[in-house]
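Read the structure below first, then the notes.
The values are calculated or read from the model by the stated rules, or taken from the named source; none is laboratory data. Remember, predicted model here, so these are calculated numbers, not experimental data. Virtual Cβ from ideal backbone geometry, glycine too; neighbours counted across all protein chains shown. All accessible areas refer to the heavy atoms of the entire protein, side chains included, with ligands and DNA or RNA removed. Shrake-Rupley method; radii C 1.70, N 1.55, O 1.52, S 1.80 Å.
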Amino acid sequence: MKKQHRQQRSKGANGWLLSTPALLLLVFAASGPLLIVALYSVLEKGDYSGVRWILSGDGWFRVLFERDIFDQTVSLADANLSIFWRSVKLSIATTLVTFVLGLPTAWFIATRPARVRAFWLFLITIPFWTNLLIRTFAIMEVVRNEGIVNTALMKAGLISAPIQIMYTDTAVLIGMAYVYLPLMVLPLFAAIDRFDFRLIEAGYDLYASRWQVLRGVILPIIKPGIIAGFILVFIPSLGAYVTPRLLGGGKNMMIGNFIELQFGQGQNWPLGAALSTVLLLIVLVSRVIYTRASSRDNPHG
Amino acid sequence: MAKARSFDVRTLPGFTAIAILSFVLLYAPILTLVVYSFNGGNSVNQWGGFSLEWYVVAFNNEAVQDATARSLIIALWASVISTTAATMAALGTTRRGRFKGQTVIYIIINQPLMVPEIVTAVALLIFFSTVKVATGYTGLGYLILAHSAFCIPFAYLPIRARLEGMDTAMETAAADLYATPWQTFRYITLPLLMPGVIAGAMLAFIISLET
Amino acid sequence: MQGDGQLNSTIAVDARNVGKIYGNGNSAVAALGDVSISIQQGEFFTLLGPSGCGKTTLLRCIAGFETPTSGTIHLSGTDITHTPPNERPVNTVFQSYALFPHLTVAQNVGFGLKMLGKPAGDVAKAVARVLALVKLETFADRLPQQLSGGQQQRVALARALAPEPEVLLLDEPLSALDLKLRKEMQSELKRLQTETGITFIFVTHDQEEALTMSNRIGVMSQGALLQVGTPHEIYEHPVNRFVADFIGETNFLEGHINGAGVRLGTGDLLEVPLEGPLEVPLDGQLGAVTLAIRPEQIRLAAAVTGIAATITDATYMGTDTHYTLGLSDGSHIVARVQSNSAGTYGVGEAVGLSIDAKAVQVLKA
């Protein structure tokens, strides 16, 4: 009996021991900085940038409220709220667009013959490895007033003046969907690839239509992949700052740009740190929901 | 007369069309950009003939050269460090059954994946400015460490996937044939794991170059 | 049981009160409960039982992949209960073969000797010898995935034999092969065992395989060893209903001990010999018993002699015909009759059946 316990304990000890280098690195260079961010959020704003080492709730206060410069009255910070709301809205829209495009794409790849499947998968991942800036510039070329879409439509005589897409929410949505599509396709592919296609035969055998097979058989079974894809797209969309800045211009900010702004010259670092912490909390909550949802589906996994 | 076609359960209506549309959407912008980068003219609107001029300009720019060399050095070190750490962690977390604290390890390892990029950027900005103020050190070391940490999950995931797909009977058989734990790792586990390690290292390298 | 200690020198594996419990607390599952077994040197011993009966767990305890929760295991007199697998002179042929996919056939076969630190020349010689033994000389440089299932099976066998272990453990090694190949490998295994003289411990759920190959069989169920004996003993004299049912086809009839024999539910008296390794009260009391009767030990006659029965089903099986018979007390038994013998009977026909009383086993009810 004792030997047994010792063996189990040494199993765990070995697991920790082997993981130590990775854990040390991560705690030092990834978790540590996050804690410092949390710390900065409760400090006082420095004169030009940075912070003064005095405790202050001002950073957190300013996440939701603003104080009038003249009479010091407190009101809800409408501008901040609208930025939050736009970020969430655009991120959800991005997730849905990538899903509508990504599910058929993942299905298409998973149903190719084994020989060429890797090739199609590779094709999906190439853009993913291309620099984010380059990809964003690429999409700019497409949606600009003088870009491909407008030029083509005008040449075809369908429109007389270019449609303004750049610097609108639509441009940001197109850009983010473009940038994050591979993140949706990959987990969906992984789920469909494991899918037992005989189940579809069984579905058709039992008189289901194609739509019923999709809704009643395929989607419930690949649900973990769908949830994973949603999380993988939603989280980076919410924190995106490069794509919204380039495609949305200065006016249509998302949380990411707003945070970025706080770390510019003469700006408010504690507010930026507090906003970062809020973003992190939103992500953590969605993560917990995801874990709950997937563990309910699959209690043994 | 309708052509006799076998009923393919793997096709769903409209899926192939949307899939092809997705690929076109993915590649059209990039191809456009590539085509324009060979443009001899100054404006993307006018096609000034095929030219490598912009690439020559980029390569001759010293700042670009320095930055490229710097990124490569960081990426090389980061991929080596993160892959080594990730391989060890993957071995520690998959091959020995469940143990207490495993979930904690998973959460810490996957942390960089869960944190939005702007938060990571902010965290590192604050961190490095604090470190700079405290020690005055601005060398590559910190960047390499930060990149290594950030790349660990990208290296860890393919390695772990490979390990989980590997039959534990291989290691059992090696132990049965008088191999010590180290020999089992050296002659059986590592060679079989190699594709995963290479994939993990490449991912880490690319991720590091990109950030 | 038989002359403890005296036979120790020829005992290869001696498991004493081995138990294995997985998990702990409420979720604990006992895979093995207090199994004791002695396996002789040079014996072909088979552990037989349905899946989940603990036979593979026992094998893995002997190999060293599992540590028993209680009890000890001795190998040639040495306690190896806590010896790691790589230090036991025991090799295993795995059910999945577990051939190393990145090594050639020769490298696979030589792996054990290499790990033991044998010089390369000796390893090469041993590999050539063992590959010749399994008739795979020409495949030395192939990779496992370039071989057929049967060939992979031989490589797995060669790999386990190459280090000349004291005991070879075989974990359902033939289950992945088709019927014809399985028959071939059965005689091949038997030949290898005789040629090498190595003790084989063979695990299977296939009773026919066990009967044809083994010197002795241990029948297991639910973590317990029910009976150990030669194939003949196990088949002819099963100790309980489980063994009788698991080995071959058996009819069970309920009855009571009555003086010279057993009175059946139909009222007929069967003069069975009430002796031998029986687990029944033989003190002359009216004990309830179960009779185990093999289908081939029942004879049918058109005339109503012996026990009266009605044919309820007849299945033609080639050389034999199986008749299901309804008895007057409502019970059913199956009789196997050679197809070309005396006559054939139709469903509904009344017949008389006689039972070879000497072959009937009397079991606890």
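Which residues, taken from region C:20-29, are open to solvent by less than 70 Å² (accessible area, probe 1.4 Å) and of a type outside the set (D, E, K, R)? Reasoning before the result, please.
Kept after step one, since they are open to solvent by less than 70 Å² (accessible area, probe 1.4 Å), are these residues of region C:20-29: C:20, C:23, C:25, C:28.
Matches in region C:20-29: C:Gly23, C:Gly25, C:Ala28.
Within region B:190-204, the residues that satisfy the criterion of being closer than 13 Å to B:Ala161 by Cα and buried (at least 16 other Cβ atoms within 10 Å of the Cβ) are B:Leu192, B:Leu193, B:Gly196, B:Val197, B:Ala199, B:Gly200. Applying the set (1) free of Cβ contacts under 8 Å to residues at least 40 places away in the same chain; (2) closer than 22 Å to C:Val243 by Cα; (3) touching a Ser or Thr at 6+ places or on another chain (Cβ under 9 Å) to C:Leu32 leaves exactly one unmet item: (1).
Could you list, in sequence order, the residues of region C:210-250 that are in a helix (DSSP H, G or I) and in contact with a Ser or Thr (Cβ under 8 Å, 6 or more places away or on another chain)?
Kept after step one, since they are in a helix (DSSP H, G or I), are these residues of region C:210-250: C:210-213, C:231-236, C:241-246.
C:Ala210, C:Met213, C:Pro231, C:Arg241, C:Phe242, C:Ala244, C:Phe246, listed by residue number.
Residues that are over 28 Å from the mean Cα position of the chain (by Cα) and open to solvent by less than 50 Å² (accessible area, probe 1.4 Å) within region C:309-329 comprise C:Ala309, C:Ile311, C:Ala314, C:Leu325, C:Gly326, C:Leu327, listed in sequence order.
One residue stands out in region C:226-248 among those that are closer than 19 Å to C:Ala288 by Cβ and not hydrophobic (A, V, I, L, M, F, W, C): the one that is least open to solvent (accessible area, probe 1.4 Å), namely C:Pro238. Pairs meeting the criteria (first residue in region A:75-87 and in a loop (DSSP other than H, G, I, E, B), second residue of a type in the set (Asp, Glu), beta carbons under 6 Å, at least 6 apart or on different chains) are A:Ala77/A:Glu66. Of the residues making up region A:108-166, just one is loosely packed, with under 14 Cβ neighbours inside 10 Å, of a type in the set (Lys, Arg) and closer than 30 Å to B:Asp8 by Cα, namely A:Arg115. Pairs linking a residue in region C:98-111 that is more than 7 Å from chain B (Cβ to nearest Cβ) to a residue that is open to solvent by less than 10 Å² (accessible area, probe 1.4 Å) and outside any helix (DSSP H, G or I), with Cβ atoms under 6 Å and 6 or more positions apart or on different chains, are C:Asn108/C:Phe100; C:Val109/C:Ala162. Checked against (1) open to solvent by 20 Å² or more (accessible area, probe 1.4 Å); (2) aliphatic (A, V, I, L, M); (3) closer than 20 Å to A:Val143 by Cβ; (4) assigned to a helix (DSSP H, G or I), A:Leu232 passes all but a single condition, namely (3).
Table: residues versus (1) away from every other protein chain (no Cβ under 13 Å); (2) modelled with pLDDT of 95 or more; (3) not in a loop (DSSP other than H, G, I, E, B).
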{"site": "C:Ala132", "(1), (2), (3)": "yes, no, yes"}
{"site": "C:Lys135", "(1), (2), (3)": "yes, no, no"}
{"site": "C:Thr138", "(1), (2), (3)": "yes, no, yes"}
{"site": "C:Arg142", "(1), (2), (3)": "yes, no, no"}
{"site": "C:Gly150", "(1), (2), (3)": "yes, no, yes"}
{"site": "C:Arg154", "(1), (2), (3)": "yes, no, yes"}
{"site": "C:Glu164", "(1), (2), (3)": "no, no, no"}
{"site": "C:Leu168", "(1), (2), (3)": "no, yes, yes"}
{"site": "C:Ser175", "(1), (2), (3)": "yes, no, no"}
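As for region B:166-184, it holds no residue that is within 9 Å of chain A (Cβ to nearest Cβ) and at negative phi.
Would you call A:Glu66 within 11 Å of chain B (Cβ to nearest Cβ), more than 22 Å from B:Phe23 (Cα to Cα), open to solvent by 60 Å² or more (accessible area, probe 1.4 Å) and free of Cβ contacts under 8 Å to residues at least 40 places away in the same chain?
Criteria not met by A:Glu66.
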